[in-house]
């Protein structure tokens, strides 16, 4: 990708195929999420506690359903950073430094976005981000959908991840009202690769056979498959209290319905270039690349997901 800087300000790079691929390789939420265009910082999307039909007697009024409904708030927040590049490196290097840094920014953004959407363990008021993560929302009651706090959050503890725990975690989602086999996804930390390879039956044989290319769970390429459900590995799938592109907390795996991963698209990942010939770059003879994206996230219904967290 050759980015032509013409003084036009922020140039979207997320629309470039190479950057899109990099973002989607790093972010399962971006790849699988239900994207909602946003024309302002906040947007409400409707959700329902369901509609329950019953027998309608002949010549009788239609049976009324009083299931609650409300809206999910998408509140955008800004992700960004800057990279300083010496003028000598820009002038002397045959490589496209801007392209390389843009791809790197896409990878960092993807891992960070997954972590803040899925793995932050505290409320947004504490973390400072503009929305709550899936992990946190699974620890809270949801009166509209009837979800009870911690019902679909499984902490493995010191015993480690076992076949029974994986089966039970998936079962919590499958037995709920939001299970849809066509929309079911799996999002997991790569730390689960070794875990899956180590789960064996009573004869000592691996239960989750690897594919011919060595992908645990029988997946192909960079994907994952567990109990017949496809998904993606994500390096953002470790717990964190602040949100980071390199989390160090407990790895986790998510089972759920992709239609309830609401991603608000306010501004795509974009780059702005401050050259060394003007502005702040003159003093140090350095170019500055600024990266920025404005995104929102919301869980449509906590019961549409189940999470298993390693000890």
- Task: Could you please give the count of residues in region 110-124 that are surrounded by 24 or more Cβ atoms within 10 Å (Cβ to Cβ) and either farther than 18 Å from residue 74 by Cβ or at pLDDT below 90 (or both)?
- Result: 3
- Item | Residue satisfying condition, being at pLDDT below 90, crowded, with 17+ Cβ neighbours inside 10 Å and either under 23 Å from residue 26 (Cα atoms) or touching a helix residue (DSSP H, G or I) at 6+ places or on another chain (Cβ under 6 Å) (or both), within set 102, 189, 127 | 102
- So is residue 260 at pLDDT 95 or above, in contact with a strand residue (DSSP E or B) (Cβ under 8 Å, 6 or more places away or on another chain) and either more than 20 Å from residue 81 (Cβ to Cβ) or crowded, with 20+ Cβ neighbours inside 10 Å (or both) or not? no
- Task: Only one of these is touching a helix residue (DSSP H, G or I) at 6+ places or on another chain (Cβ under 9 Å), assigned to a strand (DSSP E or B) and at pLDDT below 95: 273, 252. Name it.
- Result: 273
- In region 77-97, what residues are in contact with a strand residue (DSSP E or B) (Cβ under 9 Å, 6 or more places away or on another chain), over 11 Å from residue 289 (Cβ atoms) and at pLDDT below 90? 86, 87, 89
- Message: Just checking, does region 274-283 include any residue being under 21 Å from residue 20 (Cβ atoms) and surrounded by fewer than 18 Cβ atoms within 10 Å (Cβ to Cβ)?
- Response: no
- Would you mind finding the one in 111, 172, 193 that is within 16 Å of the chain's Cα centre (by Cα) and part of a helix (DSSP H, G or I)? 111
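The values are calculated or read from the model by the stated rules, or taken from the named source; none is laboratory data. Computed from a predicted structure; not experimentally measured. Don't worry about glycine lacking a Cβ; one is built from the backbone with ideal geometry, like all the others, and counts go over all protein chains shown.
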